[in-house]
1. Please go through the range 1-30 and give me each residue that is open to solvent by 80 Å² or more (accessible area, probe 1.4 Å), among the aliphatic types (A, V, I, L, M) and in a loop (DSSP other than H, G, I, E, B), ordered by number.
2. Can you tell me which residue is surrounded by the fewest Cβ atoms within 10 Å (Cβ to Cβ) among those in the range 32-86 that are of a type outside the set (A, V, I, L, M, F, W, C), in contact with a Gly (Cβ under 6 Å, 6 or more places away or on another chain) and under 17 Å from Gly102 (Cα atoms)?
3. Can you confirm whether the range 91-99 contains a residue that is open to solvent by 40 Å² or more (accessible area, probe 1.4 Å) and in a loop (DSSP other than H, G, I, E, B)?
4. Which ranges mark the strands (runs of 3 or more DSSP E) fully within the range 33-72 that have 1 or more residues being charged (D, E, K, R) and in contact (Cβ under 8 Å) with a residue 24 or more places away in the chain?
Amino acid sequence: MKLSPKEAIKALAAHKGPFKTLFGHGTLSIEIYKPQKVDLQQPHEQDEVYMVISGSGEFLNGDERTNFGPGDVLFVPAGVVHRFENFTDDFATWVLFYGPKGGEKA
């Protein structure tokens, strides 16, 4: 199995939404996510990892705010409020959800 950013963004454009699931295996799902202007997502039931493909901006993760850019990897535990803010128009990211509902507790 291979996923490329170019093909993922093409599939997302045909889907006409901000995200599209591209692969699933067990508890793992891989999506492409490209919000337009505003990130409206809510906390998720699973832990998640973002791998930024393109663009830059700020990421709010609970009480922490950080800048991000291409190649950055961001982790969000299940149930934590998070969102991308002040991002460029070319922003796109892989999203990997995994593990049980409620997340993998430390």
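The values are calculated or read from the model by the stated rules, or taken from the named source; none is laboratory data. Keep in mind that this is a model prediction, so the values were computed, not measured. Using ideal geometry, Cβ is built from the backbone for each residue, glycine included, and neighbour counts are taken over all protein chains shown. Each accessible area value is taken on the protein alone, full model and side chains, heavy atoms only, with ligands, DNA and RNA left out. Shrake-Rupley method; radii C 1.70, N 1.55, O 1.52, S 1.80 Å.
1. Met1
2. Pro43
3. no
4. Output list reads 47-54, 57-61.
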